[in-house]
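Below: one structure in structure tokens.
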Amino acid sequence: MNIKLFSLLVGLLFTGTGCATLEAGRTSRLDIIQRRGELNCGISGKISGFSYLHKDGSYKGFDVDICKAMAAAFLGNSALVNFRPLTAPERFTALRTGEVDLLSRNTTINLSRDSKGGNGVTFAPIVFHDGQGLMVRKSSGIRTIGQLRNSFICVGSGTTTEQNLNDTFQEKGIKYKPIKYQDASQVTQGYLQKRCKAMTSDRSQLAAAKAGFPSKERGKHIILSDMISKEPLAPASLGGDEKLSDAIRWVIYALLAAEEYGINKNNIQDKLIQAESDKSLSSLRRLLGIDGKLGSKLGLSDNFVVKIISSTGNYGEIYDRNLGPMSNVSIPRSRNNLYTNGGLLFAPPLK
């Protein structure tokens, strides 16, 4: 076959939906998103507090707002997102085939997923530090993992949750019987229908599930104190696309940096006026796109941080809105606080 024709066909394949990896020198998915004018974002759609269908017909939640922050940065408008609900087994296939541009779907980073020889995806910085736990009925009398010997446990199929459950119980010599479901809502329903003695998931998802129980049920269940894994959750994109992964990475860092600087949705315009009038505020001027042309280095507008914070607010605002004490799912920030407040989150310098 003619070399030029072959190259053209490969290029067309990439810009369609059959792309598996990004060849060197090919068009970045970021360019495709910007030409399309819409971001296709993969979410769960069934986890209260993280991504769920609101009664007004729109998707809301922590993961949803991360998608919106990306759209604000990439396209200048946080509303230009097409949300694709995906089950756990579907999510990586949807990335590889181009059905979605990125995942913001409570997905755990691990070596197999983040390597070229594994799922071939690239992870952004961690947006939520979590850990796997188990929930049981208070009336069961179960308070430790050891008391679940020979019990049925509801778990999501094709997830790290399933593997962690097996690893932990095998290491402890505890026999159990898994009942596997395709998505989180099915796991919850199986548990509520008493098909299993316990359900397992990330502790944040257990808290979200419990908050969604019928009101008369919520006080009848407890999350065991045992934590059987580390679950660092982060957005993911197709491996090999450095331009897109760089942009995603620094959008996350911008959300954290804005909170550290005390920049929020309410004061962003005042901060911008302050930075424009005071040239001594070097760091602030770079962050808000006045100096440094940082956005241009990522294929974004230089004021991409202003667009993000004007749309979604900073990381803390996103967290509080969806998972804070006034939300339906209240999860203390704890390790998901800024490093200045005793947490694990921080942004490298934006310079």
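The values are calculated or read from the model by the stated rules, or taken from the named source; none is laboratory data. This one's a predicted model, so the numbers in the text were calculated from it and none came from an experiment. Virtual Cβ from ideal backbone geometry, glycine too; neighbours counted across all protein chains shown. Just the protein is used for accessible areas: all its heavy atoms, side chains included, with ligands, DNA and RNA removed. Shrake-Rupley method; radii C 1.70, N 1.55, O 1.52, S 1.80 Å.
Which numbered condition trips up Tyr191, out of (1) among the aromatic types (Phe, Trp, Tyr); (2) out of contact with any Ser or Thr (no Cβ under 9 Å at 6 or more places or on another chain); (3) modelled with pLDDT under 95?
Single failed check for Tyr191: (3).
What are the residues in the range 67-91 that are in contact with a Leu (Cβ under 8 Å, 6 or more places away or on another chain) and not in a strand (DSSP E or B), if any?
Passing the criteria: Cys67, Ala69, Met70, Ala71, Ala73, Phe74, Leu75, Leu80, Leu86, Arg91.
Can you tell me which residues in the range 217-270 are basic (Lys, Arg) and either touching an Asp or Glu at 6+ places or on another chain (Cβ under 8 Å) or over 22 Å from Cys41 (Cβ atoms) (or both)? It would help to see each step written out before you state the result.
Kept after step one, since they are basic (Lys, Arg), are these residues of the range 217-270: 218, 220, 230, 243, 249, 265.
Within the range 217-270, Arg218, Lys220, Lys230, Lys243, Lys265 qualify.
Picking from Asn150, Asn106, which residue would you name as being open to solvent by 60 Å² or more (accessible area, probe 1.4 Å), part of a loop (DSSP other than H, G, I, E, B) and modelled with pLDDT of 90 or more? Show your work before the answer.
On the way: Asn106 fails: open to solvent by 60 Å² or more (accessible area, probe 1.4 Å).
The match here is Asn150.
Further question: Between a residue in the range 129-157 that is under 18 Å from Ser201 (Cβ atoms) and any residue that is open to solvent by less than 10 Å² (accessible area, probe 1.4 Å) and of a type in the set (D, E, K, R), which pairs come within a Cβ distance under 8 Å, given they are 6 or more apart or on different chains?
Going by the 8 Å Cβ cut-off, the qualifying pairs are His129/Glu231; Asp130/Asp202; Asp130/Glu231; Gly131/Asp202; Gly131/Glu231; Gln132/Asp202; Gln132/Glu231; Gly133/Asp202.
Moving to a separate point now. Can you tell me how many residues within the range 303-334 are open to solvent by less than 30 Å² (accessible area, probe 1.4 Å), modelled with pLDDT of 95 or more and of a type in the set (Ser, Thr, Tyr)?
Residues flagged as open to solvent by less than 30 Å² (accessible area, probe 1.4 Å), modelled with pLDDT of 95 or more and of a type in the set (Ser, Thr, Tyr) within the range 303-334 amount to 3.
Somewhere in the range 113-128, is a residue assigned to a helix (DSSP H, G or I), modelled with pLDDT under 95 and not aromatic (Phe, Trp, Tyr)?
yes
I'd like the full set of residues that are outside any loop (DSSP other than H, G, I, E, B), within 16 Å of Met135 (Cα to Cα) and either open to solvent by 20 Å² or more (accessible area, probe 1.4 Å) or basic (Lys, Arg) (or both), limited to the range 167-180. Break it down into steps so the answer makes sense when it comes.
Filtering the range 167-180 for residues outside any loop (DSSP other than H, G, I, E, B) gives 167-171, 177-180.
Next cut, within 16 Å of Met135 (Cα to Cα) only: 168-169, 177-180.
Within the range 167-180, Lys177, Pro178, Ile179, Lys180 meet the criteria.
Filtering the range 232-249 down to residues that are assigned to a helix (DSSP H, G or I) and either polar (S, T, N, Q) or touching a Gly at 6+ places or on another chain (Cβ under 9 Å) (or both), which residue is surrounded by the fewest Cβ atoms within 10 Å (Cβ to Cβ)? Can you show your working first?
From the range 232-249, those assigned to a helix (DSSP H, G or I) are 242-249; that's our starting set.
Subsequent filtering for residues that are either polar (S, T, N, Q) or touching a Gly at 6+ places or on another chain (Cβ under 9 Å) (or both) retains 243-247.
On the way: Lys243: 15, Leu244: 25, Ser245: 24, Asp246: 18, Ala247: 26.
Selected residue: Lys243.
Separate question: For the range 55-105: of the residues being closer than 13 Å to Lys307 by Cα and among the small types (Gly, Ala, Ser), which is farthest from the chain's Cα centre (by Cα)?
Gly76
Related question: Looking at the range 195-223, I want the residues that are in contact (Cβ under 8 Å) with a residue 40 or more places away in the chain and have a partner that is part of a strand (DSSP E or B) and of a type in the set (Asp, Glu) with Cβ atoms under 7 Å, at least 6 apart or on another chain. Which pairs are those?
Matching pairs, first to second residue: Asp202/Asp130; Asp202/Glu231; Arg203/Asp130; Ser204/Asp130.
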